[in-house]
Amino acid sequence: MPELNSEKTRAGRIGWLEDGSVDVLVIGGGIVGAGIARDAAMRGLRVGLVEQYDFASGTSSRTSRLLHGGLRYLAQGRLKLVYQASHEKRILHRIASHLADPLPFLFPTYRGTEWPLWKMRIGVKLYDLLCGGQNLGPSSGLGRDATLGLLPGLAEKSLTGAVRYFDGLTNDARLTLDTLRSAVDHGAVAVNYCRVEEVVPGASGWIGHVRDLSLSGTGFQPVPDGLESRPTSGRVFQVRSRSVVNATGPWGSRLPQSRLQLRLTKGVHLVLDRGRLPVPDAVVMTDEGRILFAIPWGERVILGTTDTDYDGPIEAVRTEPADVAYILDIANRCFPKAGLTPADVLSSWAGLRPLLADKRGGPSDISRAHSIAMGEPGWLDVAGGKLTTYRLIAEEAVDRLVAFLDVKAPRCATAQEPLLPSPDATRGSAIVPPEPSAELVEHYCTREWAVHLADVMIRRTSWHYYRKDRLELADRVAGWMAGVLGWDPARLAAEQARYREE
């Protein structure tokens, strides 16, 4: 098997997939696909994973970056989901502490709302119990004066106090990448910028026809008008596999063999300078039953998220002026002295939630439960769920695969084994973006499969969202990448232009 972590051996990794056969072909390099690849490889299965864009480039880099049980799901009576997510939150804190910082939340309460203080005090204690009494921190109640002492700019009219509870802050794209690194360390082969053209039945399973989209820099990238920039050439290779996992998120219903029916909802997040909203803890902001957050993120604060039905192009999800206005309006009602305007928004991201189809109720009412179904022998559709429960979803999916393949395999160990060895767990793995350096960029290119400038600026580091000098920094990063990957001047210019478009 080739040295799988190096981008210089991309051809070797594709050759390994093409020349042999695998037990499991995972389609989709988001957090669920990465988790399944890791679990299956740890159980001794031969695993291949292909992703049409960059790893984590869809939903898995566009979340609220929270590891949480979901206090609002508790209010909806979805105790099983809250228990599962709370349990998984603690597991991730144990196996990947570098990506699971305990984060206190302040939930202000007001007279005449559906979130009275007495009810919230009971709710957060129940929340702690569903964490097995071992939450990331103990919950507590605060009076009105204590609440204003912590949040002096908070709306005061009808304020009765607040509750304080704990969840976790993560880096969603980094969690995906570190999970993939673990999968590869256990023998999986993962390749980005490879699109599955079709999957057909074979003599002993399935044959995937996959197009390599990275040749000569012709990556499959979104462009401003929402159309797909498809290369006119790009070699198609075949992957033979005994089973296939459809873990493509919002694209899940597009594969012919898929039985999935999805309801896509859009979530938008805004990034502001923390000086404009200096919250010490995350703050829960409510809007007629909906919950939004103000989340401290180093020198920045994240505001979000929206939750609206979406039927546009999956490849071109955008933050619209109406999304910005909606989020800022709620933030200004919660913090009336802040006076936030669109000019305060440093950056934003918009993503899609691939929820299981349910036409009843609004988007926020749809269950975040997951589904694992084998519609055809050896074809597994995986959909729904939350970032927090990805490891559990993977465990259940691989259990199904092991039973179908009828192989002797050890039991799942992903809840016990650290995600990465200690020396690697901190390199480039900060929740807050690291300081840029040529050495770090070389690491992303040679050990983490970065192919394009946006791969580093957006997904490996979040510099695009965090840094005010991101355009100038992008030019420096592009120069560093050119030295590592051997880009000529034309390719360098093309990468800079592509990054600005994306």
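Return the residues of the stretch 131-160 that are in a loop (DSSP other than H, G, I, E, B) and among the polar types (S, T, N, Q); say none if nothing qualifies.
So in the stretch 131-160, the residues in a loop (DSSP other than H, G, I, E, B) come out as 131-139, 143, 151-158.
Hits for the stretch 131-160 are Gln134, Asn135, Ser139, Ser158.
Find the helices (runs of 4 or more DSSP H) located wholly in the stretch 1-95 whose residues include 3 or more that are touching a Lys or Arg at 6+ places or on another chain (Cβ under 7 Å), and list them.
Working: elements: 10-19, 31-42, 71-75, 79-95.
Passing ranges, in order: 79-95.
Could you identify the single residue in Asp455, Asp381 that is at pLDDT 95 or above, buried (at least 23 other Cβ atoms within 10 Å of the Cβ), out of contact with any helix residue (DSSP H, G or I) (no Cβ under 7 Å at 6 or more places or on another chain) and outside any helix (DSSP H, G or I)?
One residue alone meets the criteria, Asp381.
Among residues belonging to the stretch 298-335 that are under 20 Å from the mean Cα position of the chain (by Cα) and among the β-branched types (Val, Ile, Thr), point out the one that is nearest to Glu502 (Cα to Cα).
Val317
Using the structure shown, decide if Ala75 is of a type in the set (A, V, I, L, M, F, W, C), surrounded by fewer than 23 Cβ atoms within 10 Å (Cβ to Cβ), out of contact with any Asp or Glu (no Cβ under 7 Å at 6 or more places or on another chain) and at pLDDT below 95. Give the steps one after another, and end with the answer.
Working: of a type in the set (A, V, I, L, M, F, W, C): yes; surrounded by fewer than 23 Cβ atoms within 10 Å (Cβ to Cβ): yes; out of contact with any Asp or Glu (no Cβ under 7 Å at 6 or more places or on another chain): yes; at pLDDT below 95: yes.
It is true that Ala75 is of a type in the set (A, V, I, L, M, F, W, C), surrounded by fewer than 23 Cβ atoms within 10 Å (Cβ to Cβ), out of contact with any Asp or Glu (no Cβ under 7 Å at 6 or more places or on another chain) and at pLDDT below 95.
Thr218 - would you say it is modelled with pLDDT under 90 and farther than 30 Å from Ala415 by Cβ? Please lay out each step first, then the result.
Values: modelled with pLDDT under 90: yes; farther than 30 Å from Ala415 by Cβ: yes.
Spelling it out, Thr218 is indeed modelled with pLDDT under 90 and farther than 30 Å from Ala415 by Cβ.
Is it the case that some residue within the stretch 417-435 is acidic (Asp, Glu), in contact (Cβ under 8 Å) with a residue 24 or more places away in the chain, under 30 Å from Ser86 (Cβ atoms) and not in a loop (DSSP other than H, G, I, E, B)? It would help to see each step written out before you state the result.
First, the residues of the stretch 417-435 that are acidic (Asp, Glu): 417, 424, 435.
If we keep only those that are in contact (Cβ under 8 Å) with a residue 24 or more places away in the chain as well, we get 417, 424.
Within this subset, residues satisfying the condition of being under 30 Å from Ser86 (Cβ atoms) are 417, 424.
Filter once more, so that each one left must be not in a loop (DSSP other than H, G, I, E, B): 424.
Yes, because at least one residue in the stretch 417-435 is acidic (Asp, Glu), in contact (Cβ under 8 Å) with a residue 24 or more places away in the chain, under 30 Å from Ser86 (Cβ atoms) and not in a loop (DSSP other than H, G, I, E, B).
Can you find a residue in the stretch 404-412 that is part of a helix (DSSP H, G or I), over 22 Å from the mean Cα position of the chain (by Cα) and closer than 30 Å to Ser21 by Cβ? Step through it out loud before you land on a result.
Within the stretch 404-412, the subset part of a helix (DSSP H, G or I) is 404-405.
Next, from what is left, pick out any that are over 22 Å from the mean Cα position of the chain (by Cα): 404-405.
In the following step, the residues that additionally are closer than 30 Å to Ser21 by Cβ were identified as 404-405.
Looking through the stretch 404-412, at least one residue is part of a helix (DSSP H, G or I), over 22 Å from the mean Cα position of the chain (by Cα) and closer than 30 Å to Ser21 by Cβ.
Against the definition (of a type outside the set (Phe, Trp, Tyr), assigned to a helix (DSSP H, G or I) and closer than 22 Å to Gly29 by Cα), how does Asp475 come out, yes or no?
Values: of a type outside the set (Phe, Trp, Tyr): yes; assigned to a helix (DSSP H, G or I): yes; closer than 22 Å to Gly29 by Cα: no.
So Asp475 fails the test.
Please tell me if Leu142 is in contact with a Lys or Arg (Cβ under 8 Å, 6 or more places away or on another chain) and either of a type in the set (A, V, I, L, M, F, W, C) or closer than 25 Å to Ala394 by Cα (or both). Spell out how you get there, then give the answer.
Details: in contact with a Lys or Arg (Cβ under 8 Å, 6 or more places away or on another chain): yes; either of a type in the set (A, V, I, L, M, F, W, C) or closer than 25 Å to Ala394 by Cα (or both): yes.
Yes; evaluated as a whole, the condition is true for this residue.
For the stretch 98-105, check the following and say yes or no: at least one residue is in contact with an Asp or Glu (Cβ under 8 Å, 6 or more places away or on another chain), within 30 Å of Cys412 (Cβ to Cβ), hydrophobic (A, V, I, L, M, F, W, C) and at pLDDT 90 or above.
yes
As an exercise: evaluate Asp101 against (1) free of Cβ contacts under 8 Å to residues at least 24 places away in the same chain; (2) charged (D, E, K, R); (3) within 30 Å of Arg459 (Cβ to Cβ) and give the number of the one condition it does not meet.
In the conditions (1) free of Cβ contacts under 8 Å to residues at least 24 places away in the same chain; (2) charged (D, E, K, R); (3) within 30 Å of Arg459 (Cβ to Cβ), Asp101 misses (1) alone.
Confirm whether Asp488 is surrounded by fewer than 18 Cβ atoms within 10 Å (Cβ to Cβ) and at positive phi. So that I can check it myself, show each step before the final result.
Values: surrounded by fewer than 18 Cβ atoms within 10 Å (Cβ to Cβ): yes; at positive phi: no.
Spelling it out, it is not the case that Asp488 is surrounded by fewer than 18 Cβ atoms within 10 Å (Cβ to Cβ) and at positive phi.
Filter the stretch 155-165 for residues that are buried (at least 22 other Cβ atoms within 10 Å of the Cβ) and among the hydrophobic types (A, V, I, L, M, F, W, C) and give the result. Show your work before the answer.
Going residue by residue through the stretch 155-165, those that are buried (at least 22 other Cβ atoms within 10 Å of the Cβ) are 162-163, 165.
Across the stretch 155-165, the qualifying residues are Ala162, Val163.
Considering (1) buried (at least 17 other Cβ atoms within 10 Å of the Cβ); (2) farther than 25 Å from Thr59 by Cα; (3) within 22 Å of the chain's Cα centre (by Cα), say which one Met481 fails and leave the rest.
The failed condition is (3).
Only one of (1) free of Cβ contacts under 8 Å to residues at least 60 places away in the same chain; (2) in contact with a His (Cβ under 8 Å, 6 or more places away or on another chain); (3) not β-branched (Val, Ile, Thr) fails for Gln238. Which number is that?
Only one criterion in (1) free of Cβ contacts under 8 Å to residues at least 60 places away in the same chain; (2) in contact with a His (Cβ under 8 Å, 6 or more places away or on another chain); (3) not β-branched (Val, Ile, Thr) is unmet by Gln238, namely (1).
Given the structure, is Asp128 of a type in the set (Asp, Glu), in a helix (DSSP H, G or I) and at pLDDT 95 or above?
Working: of a type in the set (Asp, Glu): yes; in a helix (DSSP H, G or I): yes; at pLDDT 95 or above: no.
It is false that Asp128 is of a type in the set (Asp, Glu), in a helix (DSSP H, G or I) and at pLDDT 95 or above.
The values are calculated or read from the model by the stated rules, or taken from the named source; none is laboratory data. Just so it is clear, the structure is predicted and the values come from calculations on it, not from any experiment. Heads up, the Cβs are rebuilt from the backbone with ideal geometry, glycines too, and the neighbour counts pull from every protein chain shown.
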